[in-house]
Amino acid sequence: MTVFLQGVYEGIINGSILALIAMGIALVWGVMNILSFSQGEFLMLGMFVSYYANRYLGLDPIVAMPLSAGALFLLGIVIYKLIISRALRGPILSQRLITFALSMVLVYSAQMFFGAEYKQLVNPVIFSGTIDLGFITIAKQKLVPFILALLVAGLLFLFLNRTRMGKAIQATSMDRYAAGLVGINPDRSYTIAFAMASAVAGAAGCALTYYYYMFPNVGATFQLWGFIAVAMGGFGSVTGAFLSGLVMGLADTLTGLYVNTAIKYIGVCVVFLVTVSFRPKGIFGK
Amino acid sequence: MSMKKLICLLLTAAMMFSLVACGGNTTTNNTAGNGNTNNSGTTDEGGDAATGDTIRIGVLTPLTGASAQLGNQVAEIYQMVTDIINEEHPELTMAMAANAGIQSMGGAKLELVIADHKSDATTAVSEARRLISEENVVAICGEFTSAIAKAVAVVTEQYQVPLVASCSAVSLTDGTNNFQWFFRYAITDETYIKDTFDFLNYLNENYDAGIETVALFSEDSEFGANIVPLEEKYAEEYGYEIVETINYSSSATNLTSEVMRIKEADPDVLLMSSFVSDALLFFNTCKEQQYTPNFIIGQRGGFIQSDYLTAMGDENNYICTTASWGSDITTAVTQELVELWANSEYNSEKVALMDSHVKDVMNLLFIAMAIEQAGTTENTALREALLNLEYDMDTLMIPWSGIEFNEYGQNTKANGFITQYYDGAYRTVYPEAGASMEPVYPMPEFAY
């Protein structure tokens with residue numbers, strides 16, 4: 001029973017990082033109808049911000065988190081204004097591929113500036129060590145992505161549903177032209193949505209550095225699972241992305257624990273396939 | 001120019017630079033004479049392999065991608081050794097150092113044509129084909145995983161060009177593929193795994209270790225997949241019980257269930273076949289789970305790479321790995337290379353000499369020796385020379401029992417070591433004759 005409880009806990013924790021990636025992708029897709037292939041690379045940049053803040057300033061990732069989220073928010077604005085907004089005027093294929101090209105630029109630029117080797121945090125962090133509750137062991141550093149995922153999901157929900165800007169973004173996602181007719185600036189909505197998705201990845205990157213190594217291609221490792229979580233949760237549904245991420249984490253850990261580690265990703269994919277078989281548009285898809 | 005245009009320009013430049021980085025990356029290095037690398041960044045038009053006074057050797061190594069750090073280090077040490085071969089160094093013990101260039105070919109200089117395989121088999125195949133058909137290299141060496149070497153060997157067989165590699169998969173030289181142009185002087189996984197179980201017996205017999213059970217923890221690509229059957233074979237032969245076998249993806253987002261299963265099984269010894277990233281994630285996950293394996297023996301891979309050692313620091317203390325070379329080998333030629341590399345201008349990261357560097361650089365040395373002994377770069381003559389190499393073991397950096405090839409291109413006289421990390425370096429602990437410290441068993445607990 002102890003092993004099962006530990007497995008459930010670890011599964012939820014592992015899923016929270018996938019949830020964070022997926023929520024960013026879902027936000028961009030839901031609002032702009034663009035599949036953001038660069039979300040994983042924003043995560044990678046967040047990890048490097050955390051790494052260098054720790055290495056040179058001795059900052060804990062949780063302290064570097066606002067810095068990283070802020071930096072990625074600004075980068076998101078710049079990228080949207082210079083690249084994405086122009087691609088949106090082009091053919092559908094360009095819109096689809098532009099973030100893929102962007103991800104390549106970010107990966108190889110990171111390799112050039114940060115080096116290709118694997119890195120881990122070098123200075124001590126606040127959240128380290130474990131809490132032994134008897135029936136489960138809680139690693140303090142892994143609580144950070146979980147709490148962050150809960151916070152981000154909650155804040156995004158509140159922002160999208162309770163603020164004027166959030167409602168404007170939702171209106172733009174429903175019908176860009178109709179939103180423009182009632183005085184909403186669609187371009188502004190898109191900018192904010194893209195920048196927020198980047199910021200979420202930046203914060204997630206910081207949380208991930210507590211226990212995961214970093215290197216320029218690290219984003220690709222998580223991004224694929226982020227896409228699956230988005231598809232499972234329903235394209236464009238932030239809540240769906242959050243819950244799917246957690247379910248995938250559980251499927252991953254429990255399959256590895258009770259079936260075979262070699263096929264744990266098959267377990268995740270089976271859950272996905274079963275879900276889309278019954279709900280082709282995902283759990284919350286419309 | 002407005003700020004907006006300036007940013008556009010910079011982003012475009014960054015994109016172009018990245019695309020260049022994505023594309024074929026060839027560097028021609030003729031380091032003869034001046035001791036400085038001439039990085040032309042382009043390649044000459046094709047021509048004879050040994051036109052005028054240069055002989056071209058292809059170097060395939062990962063300059064970008066996941067293993068870029070090791071790949072670049074290998075390219076750097078190759079350049080250092082090429083310099084040594086091309087110039088007169090009578091003060092050095094190393095083979096081919098005394099005279100300038102290839103004496104049997106009128107002092108011809110070696111010229112490296114370095115290509116980036118990006119740790120990707122498809123890229124490696126196309127780059128190997130280009131090196132042979134366009135760059136006219138006479139032989140290929142470099143830094144390979146077994147999967148990449150297998151892919152490249154198909155090309156070198158087609159063109160009948162020698163490929164000399166030190167990756168360890170048994171299947172490369174067991175006759176399965178019947179490669180005629182593949183040569184491996186270094187040892188295979190079979191020897192490494194046998195050494196591992198011999199070492200367990202040694203610990204039981206000499207240190208009352210009481211080892212009865214082992215667990216296998218292996219990534220699921222060519223590297224790990226080739227090792228598991230050997231570990232199973234020798235565990236049975238030596239009478240050790242396998243209490244858990246974990247196969248996992250080296251690009252896993254987590255290794256939680258894997259570590260939980262190992263913790264449940266609690267083996268006396270954990271045998272790990274891991275790369276850098278997954279090894280780091282494994283140890284982080286172990287600490288989260290408050291679990292320290294009783295004893296760990298890695299199968300090289302990530303355990304001997306500098307970024308792994310840098311990231312682990314002192315936490316790597318008492319972890320063992322199999323090895324084909326150790327910096328504590330006391331022969332003059334070994335210590336000479338350690339010092340040369342430590343002070344070399346090519347050693348851009350100032351990393352210490354490691355097993356992977358030495359194994360790879362030996363291959364370049366063997367190619368140079370074979371050309372010297374063949375007196376030509378003609379492929380069949382070169383093949384014969386590689387198979388029947390005349391050598392003085394005192395001039396080679398790895399003190400093997402000898403060099404003697406079987407029919408499949410495998411040196412049957414090579415031997416390995418077991419090393420244990422302590423105080424910043426791996427130290428030989430087995431076999432006893434070459435040991436520089438006594439093995440510490442079991443490992444102390446990690447700091448949780």
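Just so you know, all these numbers are worked out from the coordinates, no wet-lab data involved. As the structure is a computational prediction, the values presented were derived from the model and not from experiment. Note that we place each Cβ from the backbone using ideal geometry, even for glycine, and neighbour counts take in every protein chain shown.
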Q. Restricting the count to DSSP beta bridges whose residues both fall in the protein assembly as shown, what percent are antiparallel, rounded to a multiple of 5?
A. 35
(Q) Shape verdict for the protein assembly as shown, please, from the Cα gyration tensor: rounded (a/c under 1.5), prolate (a/b greater than b/c) or oblate. (A) oblate
Q: Would you mind getting me the FRET efficiency between residue B:390 and residue B:330? Use the beta-carbon distance for r and R0 = 30 Å, nearest 0.05.
A: 0.75
**Q.** Part-to-part distance (alpha-carbon centres) for segment B:338-405 and segment A:237-286, which is given in Å
**A.** 51
Q: Would you mind telling me which residue in A:192, A:169, A:266 has the biggest mean-square fluctuation in a Gaussian network model of chain A, where springs connect alpha carbons within a distance under 10 angstrom?
A: A:266
(Q) Rounded to whole Å, give me the distance from the Cα center of segment B:76-137 to that of segment A:107-147. (A) 41
Q) Do the sum for the protein assembly as shown: with -39,500 (n - 2.57) for every DSSP H run of n ≥ 4, divided by all residues, what is the mean residue ellipticity at 222 nm, to the nearest 500 deg cm²/dmol? A) -17000 deg cm²/dmol
Q | Positive-pole candidate from A:71, A:85, A:102, dipole of segment A:53-119, charges at beta carbon | A | A:85
Q. What spacing in nm lies between the two simple spin-label points modelled at residue A:286 and residue B:445, each 7 Å away from Cα in the Cβ direction?
A. 5.5
Q: State whether segment A:155-273 is rounded, prolate or oblate according to the following rule on the C-alpha gyration tensor (a ≥ b ≥ c being the square roots of its eigenvalues): a/c under 1.5 gives rounded; otherwise a/b larger than b/c gives prolate, and the remaining case gives oblate.
A: prolate
Q. Relative to a virtual label point 7 Å from the Cα of residue B:381 in the Cα→beta-carbon direction, which members of segment B:73-105 show backbone nitrogen distances below 16 Å?
A. B:102-105
Q | Pair residue A:113, residue B:178: separation of 7 Å Cα→Cβ label points (nm) | A | 5.4
Q | chain A: most fluctuating residue of A:16, A:103, A:68 per GNM, C-alpha cutoff 10 Å | A | A:103
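In chain B, what percentage of the DSSP-assigned beta bridges are antiparallel, given to the nearest 5? It would help to have the intermediate numbers written out before the result.
Working: 15 of 47 bridges.
Counting only bridges with both partners in chain B, antiparallel ones make up about 30 percent.
Take the Cβ-Cβ distance between residue B:413 and residue B:241 as r, set R0 to 41 Å, and report the resulting FRET efficiency rounded to the nearest 0.05. Walk me through the numbers before you get to the answer.
Details: r = 33 Å, r/R0 = 0.80.
The formula returns an efficiency of 0.80 here.
Given a Förster distance of 56 Å, report the FRET efficiency between residue B:160 and residue B:198 from their Cβ-Cβ distance, rounded to the nearest 0.05.
Working: r = 38 Å, r/R0 = 0.69.
My answer for the efficiency is 0.90.
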**Q.** Restricting segment A:37-136 to chymotrypsin sites (Phe, Trp or Tyr not before Pro) in coil, as DSSP defines it, with at most 16 other Cβ within 10 Å
**A.** A:127, A:135
(Q) Considering only C-alpha atoms, what is the centroid distance from segment B:412-448 to segment B:193-210, in Å? (A) 12
Q. For residue A:133 and residue A:274 in one chain, what is 0.36 nm times their gap in residues minus the Cα-Cα distance, to one decimal in nm?
A. 47.2 nm
(Q) Cut-off 10 angstrom, C-alpha nodes, Gaussian network model of chain A. Which of A:262, A:195, A:229 fluctuates the most? (A) A:262
Q. From a point 7 Å beyond the Cα of residue A:259 in the direction of its Cβ, which residues of segment B:248-279 have a backbone N at a distance under 16 Å?
A. B:248-249, B:257-258
Q) According to the square roots a ≥ b ≥ c of the eigenvalues of the Cα gyration tensor, what is the shape class of segment B:291-448, taking rounded for a/c under 1.5, prolate for a/b larger than b/c otherwise, and oblate for the remainder? A) prolate
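Past 25 Å, Cα to Cα: identify those pairs from B:118/B:194; B:109/B:413; A:119/B:350; A:81/A:167, in the order given. The partial results should precede the final answer.
Working: B:118/B:194 32 Å; B:109/B:413 30 Å; A:119/B:350 17 Å; A:81/A:167 21 Å.
B:118/B:194; B:109/B:413, as the Cα separations exceed 25 Å there.
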